[in-house]
Amino acid sequence: MREYKQLGAYGLIIKEEKIVLIKKVGGPYDKKLDLPGGTIEFGERPEETLKRELLEEVGIKVLDWELFDADSVYFEWNYKDDVLVKVHHMGIFFKIKSFENEIINEIKIDKVNNDSIGADWYQISKLSRNELSNTAILELEKLGYVIN
């Protein structure tokens, strides 16, 4: 069994009981809705990652944010028919207080963006566990939402 560790910075963009989520392609969250954000690059501060990733995946320029949480999830992922991967996904989560630009609903996969095909606003009360990433479920529940 293989192991995969991920450390990233992620944004919680919530307004009027709606949240911005990205549509994932590939990886352990393939075809799931996930929080926008991603891997902290070598030498990069979490806040820099947050701003870079949200511009790449969502198309917004983050102006103001606050630290909300740091936590992790652990699960097993069937990478291929015969390859089971133990995933440890660690995240630093920020509440996004203000931003510029509109949310980009469709994004092309390229060298910069390799795992998101766009973002949108989703009514939190209508989201279900089976359509969300483990980290999205974790953070929404910490914010007091019930995800069925």
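Laboratory data are not the source of any read-out in this text; all were calculated from the coordinates shown. Since this is a predicted model, take the numbers as computed values, not measurements. When we count neighbours, we look across all protein chains shown, and the Cβ atoms used for this are built from the backbone with ideal geometry, even at glycine.
Key figures
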read-out: Of the chymotrypsin sites (Phe, Trp or Tyr not before Pro) in region 1-85, those whose Cβ has at most 11 other Cβ within 10 Å and which sit in DSSP loop; value: F42
read-out: Simple label model, 7 Å out from Cα along Cβ direction - L84 to T39, nm; value: 2.6
read-out: DSSP loop trypsin sites (Lys or Arg not before Pro) with at most 12 other Cβ within 10 Å excluded, longest remaining stretch of the chain; value: 32-107
read-out: Sparsely packed GluC sites (Glu not before Pro) within region 20-73, loop by DSSP, other Cβ within 10 Å at most 16; value: E41, E44
read-out: Net dipole in debye of the chain [+1 Lys, Arg Cβ; -1 Asp, Glu Cβ; about Cα centre; nearest 20]; value: 180
read-out: Enclosed volume per residue, in Å³, of the convex hull spanned by Cα atoms of the chain; value: 113
